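Step one of this worksheet: look at the structure below.
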Amino acid sequence: MKNLIQSMLRPLGYELHDMRKIGRNPWRDLQILLQSVPAPVCFDVGAHRGETLRGLLAKFPRAIIYAFEPDPENFAELQNVARPFPQASLQAMALGDCQQQAKLQKTKFSMCNSLLAANQNLNSTAHQKIGEVDITVTTLDLFCQEKKIESLDLLKTDCQGFDLRVLRGAEKMLSAGRIKVIQSESLFAPEYDGQGWSFEILHFLSDLNYAPVSFGEPMRNERHEVIWSDVIFKHRNFKP
């Protein structure tokens, strides 16, 4: 029966996939990886307006979530989304590789806000700068030390080119294997000046005993080239 359905769907450009297997859907992949953790502790770094927070709580209703969003306008929307969820701790700051006061580059499309300037060759209205705002940056290691957080089940980063710096600021936790699963935005094309590249993230995490296990649907340009994709890593000693 499955082969019959497949033969009918392929001419239409579709295929059947077994959703029980890793690699079919990022949300399902996280459910599989964290199936043994009833109340996962999650860091949502680059929380924007609560998109990931809502998704996490839909999949993990008992999750404890620390959501980081430095932009005041986005943070106000995040507060509205998080109001029904007392287990969500909202942090009006960014994470990086050092403590500092910095300027967030605000863009026409708020999801493109970044601590980095958009690449000058990037022809994108969404990345057009409309202003900047002073923000506070700390590191994941320092935050966990101050809040006495011993381990994380999931670290999600979506930081518009700043993801590698967020990971570097978590090196102490990562080196100790105290973060089980990571979902990080990985860039394959020049989008921001000084950005962390996908191969740099892979190299950094591989050296700390993390392995990639899943890739989200990649975003492509008009030439069919991959621009970015969310990549899920797990610590090699963590067994779901």
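Computed values, structure above
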{"quantity": "Residues located in the range 24-79, provided they are of a type in the set (Phe, Trp, Tyr) and part of a helix (DSSP H, G or I)", "calculated": "27, 75"}
{"quantity": "Residue tally, condition surrounded by 10 or more Cβ atoms within 10 Å (Cβ to Cβ) and either under 15 Å from the mean Cα position of the chain (by Cα) or farther than 21 Å from residue 27 by Cα (or both), over the range 222-240", "calculated": "8"}
{"quantity": "Any hit, the range 106-114, residues being closer than 21 Å to residue 228 by Cα, without any contact (Cβ under 8 Å) to a residue 40 or more places away in the chain and assigned to a loop (DSSP other than H, G, I, E, B)", "calculated": "yes"}
{"quantity": "Residue, modelled with the lowest pLDDT, within the range 21-55, restricted to residues that are of a type in the set (D, E, K, R) and more than 18 Å from residue 179 (Cα to Cα)", "calculated": "21"}
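Yes/no per residue for (1) under 20 Å from the mean Cα position of the chain (by Cα); (2) within 20 Å of residue 79 (Cα to Cα); (3) surrounded by fewer than 12 Cβ atoms within 10 Å (Cβ to Cβ):
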position	(1), (2), (3)
98	yes, no, no
104	yes, yes, no
113	yes, yes, no
122	no, no, no
132	no, no, no
138	yes, no, no
144	yes, no, no
148	no, no, yes
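The values are calculated or read from the model by the stated rules, or taken from the named source; none is laboratory data. Remember, it's a predicted structure, so these values are computed and weren't measured experimentally. Cβ: placed from backbone, ideal geometry, glycine included. Neighbour counts: every protein chain shown.
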